[in-house]
Ligand SMILES: [Zn+2]
């Protein structure tokens, strides 16, 4: 596939930034993160295919620009790589390319973030949710303290801490609550009650996943991606985690 080399694209970006009278600062130039359904079974297969230039993004950059709304305004610029970790079905850490497009009108950029990823989080969403479900199961079996429960899911292969999973529970519950109105159109959420404390929050996550048809934890989180796909397709947003443009 014909594609501009990185040096050309860097030059284009630099020129636009020089010419961009409307660009008043980095705030104006900031990145928009867009959930991207890769169509690959795993994020690693997607990463490899992008590196081999086997993924065709033309439908995205020939489509309507999500920033200025003009068709054909987007140009591809160099990707960056994110470190990603997933713990299931096996522990794996690697780099995943994030493809970027430049809005030529505003000089702002759009990052296509695979929708298994939550903005600003290294662990995948299915991993985060599955850990929370596991934790809730441990509470149910009589493990009372967060420290004890986290110790049960920490191995040499990950660097989970009480602080990390505590934040995940906040992020997951906030995301699911934010998506409640949208999810309710498709799923029966009448049984959802908001919980407090880690036990309450993990319980709320479990209730949401059950209601949204994600079955089988802790054995599998394989049904998480379809939920993320349908949510992102309808709303254009991430179910878990907040994109740059949605932050205050
Ligand atoms: Zn644009």
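The values are calculated or read from the model by the stated rules, or taken from the named source; none is laboratory data. The shown structure was predicted, so the numbers you read here are calculated from the model rather than taken from an experiment. Cβ: placed from backbone, ideal geometry, glycine included. Neighbour counts: every protein chain shown.
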Quick check on this structure: which one of 81, 45 is under 19 Å from residue 229 (Cβ atoms) and not assigned by TED's automatic domain parsing to the domain that holds residue 224?
45
Residues that are more than 16 Å from the ligand (Cβ to nearest atom), assigned to a loop (DSSP other than H, G, I, E, B) and either modelled with pLDDT of 90 or more or touching a strand residue (DSSP E or B) at 6+ places or on another chain (Cβ under 6 Å) (or both), drawn from the stretch 54-89:
54, 55, 56
Restricting attention to the stretch 105-129, and to residues there that are part of a loop (DSSP other than H, G, I, E, B) and out of contact with any helix residue (DSSP H, G or I) (no Cβ under 8 Å at 6 or more places or on another chain), which single residue is farthest from the ligand (Cβ to nearest atom)?
122
Could you grab me the full set of residues in the stretch 93-115 that are within 17 Å of the chain's Cα centre (by Cα) and farther than 13 Å from residue 33 by Cα?
93, 94, 95, 96, 97
Residues (farther than 16 Å from residue 176 by Cβ and within 12 Å of the chain's Cα centre (by Cα)) located in the stretch 230-242
236
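Can you tell me how many residues in the stretch 91-104 are farther than 20 Å from residue 164 by Cβ and not in a strand (DSSP E or B)? Let's see the steps before the verdict.
Taking the stretch 91-104 and keeping what is farther than 20 Å from residue 164 by Cβ, we get 95, 97-104.
Subsequent filtering for residues that are not in a strand (DSSP E or B) retains 104.
So the answer is 1.
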